[in-house]
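This report refers to the structure that appears directly beneath it.
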């Protein structure tokens, strides 16, 4: 009886064991690429373990390529230039690369694997991107659906960024949300406060990250983010400035304006157009009025598109585009800084170009 | 050709369906729906054909609402044919969970037919999932649209 | 089956007894990976390799392990274990040799494990009582036959994509099954050539 069970059991186990050993041996010889050289921008050289994707290998070297989809080849943020050592374009990459990019050797770093000595090129500023751990120090309500988050850095304990840049906040798993996602938010504080960042966030209905920030994150909770990212920062051109923002688009503009020295504000005479729907969507009015008093030359123009009766609003009314049309001069020599929803960006862009502002003097961050 | 071809993944025994289903569950697109993804797709496809709906036409009208409504920058826009559209748009993109390399704008569209008061609410990601995959999301998902609702909204207008 | 010539088995399993076109085994990946000639060729090669190796190994496992111990009834489990292990091996080899092929086969590679044609080939080998070389020939032949069928279909499909108008209701798998039926009819024409089983 025992034999009747033992023999089949043992023989099956033996068969499985033999096959497992074969697989282990094969893994050892086939999937071990040993140590290979990874050269970045022709200057930095790393000795890394082969066999992993460029994205994850760089992450191990503390170089963070922007990525929102977690290596699933959907977001196309993680493009790098492959100089040498990589094979043909993969079928998972083709839908996300333009023909020019393919010719230039641009690849998705989450798809290509390092199997031998390779060389890549990435933008210089990516070297400054780090992963930070931080603590939620203060959470302040700005309106019924916008909050102001102060994050105190733990490790590393200081950050270098340019006013106007953004970070990617990593939402941890919470509630019945079992997937960790990244979302981009701009800093609204000045970079000289090196030990913290401040974000303005508007609650997105059913949004994975904002639901976490609004309903689950408590003061003193620990969070993770990477950054800084983005090409949206003050250009040192000396030109007059037009700043336009809607809602939480105020964040990078606030950072930029508060970073400018008093004399420069006097010289460049920035005008800040801020669009909201009604009085209850407006915030930080007092702060901006104060800023106006302290900095001659600066003008703050809040505009409401649909003021309620009880708002008793006496300021500008109409959509932000209408307000711009009224206030911006034809062929002005200013440059413009825009931040807001994609729809607002598109609309403002067309108003400003119609006014004769060349597109290369209009700066914005689409978060794309 | 492109449209109907894209959508044919719901008919094939596409083996990626298991992977996609897992992804959809992680992202809460199937919230409390315990039915397998293939069943969800099948039952909605049945409803679509029973109601004799032309999804290509319906989704292109939904897209038109988005395009027109965006001009309101968050405020309602009234169209010539008496629809009131409010588009709420946020910065950034949402990668489609279907592993189809599509990134949707973060936009939620609310439309009211001023002639009869019927309303419709959808997200641009939801629009993409219906258009490209015939996926109306699982029961209980925040952006689930019943094919019946969609049909009724576009009826006789 | 001792009488049957090794070469007869080899050619018969490619043409007259094509595992896909006469027995309709292994349809799943046949339907879904036949859009592009290049990928079909890759999957075809993988199937040829896995089928040949597993037929041989399963022959050895069956006649030198299961039969002496009187465990023939465990052959399904044993065969599947062997097949699973081999697919793992093939996966590693492809990953090493061609990233492009690895990325285009994607999920389909592990799916070879549950490709019924592979298990089918091993079971036929037992049922038809092939000897060692006959099993080898049968495994290799069936693999080539399967690859041939999927490549024929992929060739047709990529031509069709450019030229043919298909009724919407039949697009995708519908029309593919019809085409497969016609190819299968064509293959019946070979039946005068050689015959086994």
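One residue alone among B:79, B:119, B:86, B:112 is surrounded by fewer than 16 Cβ atoms within 10 Å (Cβ to Cβ) and in contact with a strand residue (DSSP E or B) (Cβ under 6 Å, 6 or more places away or on another chain), and that residue is B:119. Would you check if there is a residue in region A:10-24 being within 15 Å of residue A:116 (Cα to Cα) and either within 10 Å of chain C (Cβ to nearest Cβ) or in a helix (DSSP H, G or I) (or both)? No, that holds for no residue. Just so you know, in region B:34-51 the residues that are in contact with a helix residue (DSSP H, G or I) (Cβ under 7 Å, 6 or more places away or on another chain) and under 11 Å from residue B:147 (Cβ atoms) include one that is surrounded by the fewest Cβ atoms within 10 Å (Cβ to Cβ), and it is B:51. Residue pairs whose Cβ atoms lie under 6 Å apart, sitting 6 or more positions apart in sequence or on different chains, and linking a residue in region A:80-91 that is within 14 Å of chain C (Cβ to nearest Cβ) to a partner that is assigned to a strand (DSSP E or B), are A:82/A:107; A:82/A:120; A:85/A:118.
Once region B:1-33 is narrowed to residues that are at the interface with chain C (Cβ under 10 Å from one of its Cβ atoms), outside any helix (DSSP H, G or I) and surrounded by fewer than 16 Cβ atoms within 10 Å (Cβ to Cβ), the residue that is modelled with the lowest pLDDT is B:1.
Answer with yes or no whether residue C:20 is over 30 Å from residue A:11 (Cα atoms), surrounded by fewer than 18 Cβ atoms within 10 Å (Cβ to Cβ) and in contact (Cβ under 8 Å) with a residue 24 or more places away in the chain. No, not satisfied. Across region A:61-110, the qualifying residues are those that are over 22 Å from the mean Cα position of the chain (by Cα) and part of a strand (DSSP E or B), and the one among them that is surrounded by the fewest Cβ atoms within 10 Å (Cβ to Cβ) is A:84.
Residues in region A:150-167 that are under 30 Å from residue B:24 (Cα atoms) and surrounded by fewer than 23 Cβ atoms within 10 Å (Cβ to Cβ): there are none. The lone criterion from (1) within 11 Å of chain A (Cβ to nearest Cβ); (2) surrounded by fewer than 17 Cβ atoms within 10 Å (Cβ to Cβ); (3) at pLDDT 90 or above; (4) in contact with a strand residue (DSSP E or B) (Cβ under 7 Å, 6 or more places away or on another chain) left unmet by residue B:67 is number (4). Return yes when residue C:67 is away from every other protein chain (no Cβ under 11 Å) and free of Cβ contacts under 8 Å to residues at least 12 places away in the same chain and no when it is not. Here the answer is yes, as residue C:67 does meet what is asked. Residues in region A:300-330 that are within 14 Å of chain B (Cβ to nearest Cβ), within 29 Å of the chain's Cα centre (by Cα) and more than 15 Å from residue A:348 (Cβ to Cβ): A:304 alone. The single condition among (1) surrounded by 14 or more Cβ atoms within 10 Å (Cβ to Cβ); (2) modelled with pLDDT of 90 or more; (3) more than 14 Å from every other protein chain (Cβ to nearest Cβ) that residue A:188 does not satisfy is (3).
Quick check: anything in region C:106-126 within 11 Å of chain A (Cβ to nearest Cβ) and either touching a helix residue (DSSP H, G or I) at 6+ places or on another chain (Cβ under 9 Å) or crowded, with 17+ Cβ neighbours inside 10 Å (or both)? There is at least one residue in region C:106-126 that is within 11 Å of chain A (Cβ to nearest Cβ) and either touching a helix residue (DSSP H, G or I) at 6+ places or on another chain (Cβ under 9 Å) or crowded, with 17+ Cβ neighbours inside 10 Å (or both). Where strands (runs of 3 or more DSSP E) fall entirely within region A:161-227, those with at least 1 residues that are in contact with a helix residue (DSSP H, G or I) (Cβ under 7 Å, 6 or more places away or on another chain) and farther than 18 Å from residue A:366 by Cα are at A:166-171, A:181-186. Filter region B:77-91 down to the residues that are at the interface with chain A (Cβ under 10 Å from one of its Cβ atoms) and either in contact with a helix residue (DSSP H, G or I) (Cβ under 8 Å, 6 or more places away or on another chain) or in contact (Cβ under 8 Å) with a residue 60 or more places away in the chain (or both) and list them by number. Those that are at the interface with chain A (Cβ under 10 Å from one of its Cβ atoms) and either in contact with a helix residue (DSSP H, G or I) (Cβ under 8 Å, 6 or more places away or on another chain) or in contact (Cβ under 8 Å) with a residue 60 or more places away in the chain (or both): B:87, B:89, B:91. Number of residues in region A:216-227 that are crowded, with 16+ Cβ neighbours inside 10 Å and either out of contact with any strand residue (DSSP E or B) (no Cβ under 6 Å at 6 or more places or on another chain) or modelled with pLDDT of 95 or more (or both): the value is 0. None of C:8, C:57 is within 11 Å of residue C:135 (Cβ to Cβ) and in a helix (DSSP H, G or I) except C:57.
Residues that are out of contact with any helix residue (DSSP H, G or I) (no Cβ under 8 Å at 6 or more places or on another chain) and on the phi < 0 side of the Ramachandran plot within region A:356-367 comprise A:357, A:358, A:360, A:361, A:363, listed in sequence order. In this entry, residue A:146 passes the filter for residues that are in contact with a helix residue (DSSP H, G or I) (Cβ under 8 Å, 6 or more places away or on another chain), farther than 27 Å from residue B:98 by Cβ, within 14 Å of chain B (Cβ to nearest Cβ) and surrounded by 15 or more Cβ atoms within 10 Å (Cβ to Cβ). Of the candidates B:94, B:109, the single residue that is at pLDDT below 90, more than 8 Å from chain A (Cβ to nearest Cβ), touching a helix residue (DSSP H, G or I) at 6+ places or on another chain (Cβ under 8 Å) and part of a strand (DSSP E or B) is B:94. I need a count of the residues in region C:140-197 that are touching a helix residue (DSSP H, G or I) at 6+ places or on another chain (Cβ under 9 Å), surrounded by fewer than 13 Cβ atoms within 10 Å (Cβ to Cβ) and not in a helix (DSSP H, G or I). So the answer is 4. When residue A:280 is tested against (1) farther than 26 Å from residue A:189 by Cβ; (2) within 14 Å of chain B (Cβ to nearest Cβ); (3) surrounded by fewer than 21 Cβ atoms within 10 Å (Cβ to Cβ), exactly one condition is not met: (1).
When region A:83-97 is filtered for residues that are at pLDDT 85 or above and more than 22 Å from residue A:70 (Cβ to Cβ), the ones remaining, listed by number, are A:83, A:84, A:85.
Within region A:203-221, can one find any residue that is under 14 Å from the mean Cα position of the chain (by Cα) and within 11 Å of chain B (Cβ to nearest Cβ)? Scanning region A:203-221 turns up at least one residue that is under 14 Å from the mean Cα position of the chain (by Cα) and within 11 Å of chain B (Cβ to nearest Cβ). Might you check whether a residue that is in a loop (DSSP other than H, G, I, E, B), within 28 Å of residue A:4 (Cα to Cα) and over 13 Å from the mean Cα position of the chain (by Cα) occurs anywhere in region C:63-82? For region C:63-82, residues in a loop (DSSP other than H, G, I, E, B), within 28 Å of residue A:4 (Cα to Cα) and over 13 Å from the mean Cα position of the chain (by Cα): present.
The values are calculated or read from the model by the stated rules, or taken from the named source; none is laboratory data. Treat the numbers as computed from the prediction; the structure is a model and nothing was measured. Virtual Cβ from ideal backbone geometry, glycine too; neighbours counted across all protein chains shown.
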